[in-house]
Amino acid sequence: MSVSFEITDSKKDRIEKNELDKNAMGGTELMKYGLFERLPKELMDKFQIIPSRVRDIDPDRIPILWNHDLAGDPETTHLKNVKAEDLKFKKLVFVSHWQLQQFRNYLSVPYSKSIVLQNAIDPIPEHKKPDDVINICYHTTPHRGLELLIPTYKELHKQVFSKMKKPVHLHVYSDFNIYGWPERNKEYIKLFDDCRSHDHITYHQTLSNADMKKELEKMHIFAYPSIWPETSCIALIEAMSAGLLCVHSAYAALPETAANWTMMYPVNEDHHAHCNHFASNLVEAVKVVDQQFMQDRLNMQQRYTNGFYNWDVRAMQWKAMLEGLLND
């Protein structure tokens, strides 16, 4: 998988030994390359920024642990009940306040060593969406809610969408290839086949980040009945930047990520009840997405997202933090 910028040989040399799966290009990898590309070399030479997986700590640089995982992940247990003065890292960086609170609740990480610096994107440029169809998309891994989306959409299309003036079409960009785990696709083959067999669903494999952003320019709604606790959600951020009306559950860090701009509904442990909540919100989204009041709101959503989640802003915050740590 490729990203939307070049990683030159000299910059590859600056990327840590603490690699994630070398075949992966998921959210953590995108954030790692996005940040390392932007930080000045003089800071990169002084600091070792470790994204989630601690393998080696360089004694000649100041270690920073950049957490992307859940507090319950086995890779985080080394932080449990470690006092601030005994911590191996100068700073613990978290990607959401929800995530930091989970680490505090379950692992007792010290607040004095912690900071939240949210994920970031390159904003999606202005574009014109197709006006002869309503395109819905799901563009994340299958285990995060595809098993709820497909049967719900099929039923809604039969009962509601097929009777609407504009055709409604679902595009699914989903597999585990982006994480280098093609073997995990096997348990979702039936879902993928269900997509392929439906006249109003198009199944796509996952695309590079740059290609997926181009696809989002054609989409109107992001449908995300999330059942996986995310510490942040880059798919949601990019959908918001592309002006999509986002329909998703209020699970884990999604409310924080969405910042009240989306059509969010209460999560429910019972999948049948969850699908009912999701279905009613998705139907309403399809009805209102073209209306002027919603278009005005989506324009405001885009401006907020492109300002707050902008890499230029986030890289500046990282630089200021690292420079401040040199003076501690």
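For the stretch 30-58, filtering for residues that are among the hydrophobic types (A, V, I, L, M, F, W, C), in contact with a strand residue (DSSP E or B) (Cβ under 8 Å, 6 or more places away or on another chain) and either in the same structural domain as Ser208 (by TED's automatic domain parsing) or without any contact (Cβ under 8 Å) to a residue 60 or more places away in the chain (or both) leaves 5.
On the basis of being outside any strand (DSSP E or B), polar (S, T, N, Q) and closer than 30 Å to Val54 by Cα, does Thr152 make the cut? Break it down stepwise before answering.
Values: outside any strand (DSSP E or B): yes; polar (S, T, N, Q): yes; closer than 30 Å to Val54 by Cα: no.
In short, no.
With Tyr106, Tyr138 as the choices, which residue is aromatic (Phe, Trp, Tyr) and surrounded by fewer than 17 Cβ atoms within 10 Å (Cβ to Cβ)?
On the way: Tyr138 fails: surrounded by fewer than 17 Cβ atoms within 10 Å (Cβ to Cβ).
Step by step, each of Tyr106, Tyr138 is checked, and only Tyr106 is aromatic (Phe, Trp, Tyr) and surrounded by fewer than 17 Cβ atoms within 10 Å (Cβ to Cβ).
Do we find that Pro63 is modelled with pLDDT of 95 or more and farther than 20 Å from Val313 by Cβ in this structure? Yes, satisfied.
When the residues of the stretch 195-211 are narrowed to those that are crowded, with 19+ Cβ neighbours inside 10 Å and modelled with pLDDT of 95 or more, which ends up farthest from Pro123 (Cα to Cα)?
Here is the first cut: in the stretch 195-211, the residues crowded, with 19+ Cβ neighbours inside 10 Å are 195, 201, 203, 206, 209.
Next, from what is left, pick out any that are modelled with pLDDT of 95 or more: 195, 201, 203.
Working: Cys195: 30, Ile201: 27, Tyr203: 26 Å.
For the stretch 195-211, the residue satisfying everything is Cys195.
Restricting the search to strands (runs of 3 or more DSSP E) fully inside the stretch 208-284 and requiring at least 2 residues that are closer than 22 Å to Val133 by Cα and free of Cβ contacts under 8 Å to residues at least 40 places away in the same chain gives 245-249. Looking across the stretch 187-207, just one residue is over 20 Å from His143 (Cβ atoms) and either assigned by TED's automatic domain parsing to the domain that holds Gln102 or assigned to a helix (DSSP H, G or I) (or both), and that is Ser197. All of His271, His277 fail the test of being surrounded by 13 or more Cβ atoms within 10 Å (Cβ to Cβ) and either in contact with a strand residue (DSSP E or B) (Cβ under 6 Å, 6 or more places away or on another chain) or closer than 21 Å to Lys32 by Cα (or both), apart from His277.
Checked against (1) outside the structural domain of Ala315 (by TED's automatic domain parsing); (2) of a type in the set (S, T, N, Q); (3) not in a loop (DSSP other than H, G, I, E, B), Gln99 meets all criteria but (1).
The single condition among (1) surrounded by fewer than 14 Cβ atoms within 10 Å (Cβ to Cβ); (2) at pLDDT below 90; (3) touching a helix residue (DSSP H, G or I) at 6+ places or on another chain (Cβ under 8 Å); (4) within 21 Å of Arg314 (Cα to Cα) that Ser52 does not satisfy is (1). Based on this model, can you work out whether Gln295 counts as without any contact (Cβ under 8 Å) to a residue 24 or more places away in the chain and in a helix (DSSP H, G or I)? It is true that Gln295 is without any contact (Cβ under 8 Å) to a residue 24 or more places away in the chain and in a helix (DSSP H, G or I).
The values are calculated or read from the model by the stated rules, or taken from the named source; none is laboratory data. For clarity, every value in this text was computed on a predicted model and none was experimentally measured. Cβ sites come from the backbone with ideal geometry, for glycine too, and all protein chains shown count toward neighbours.
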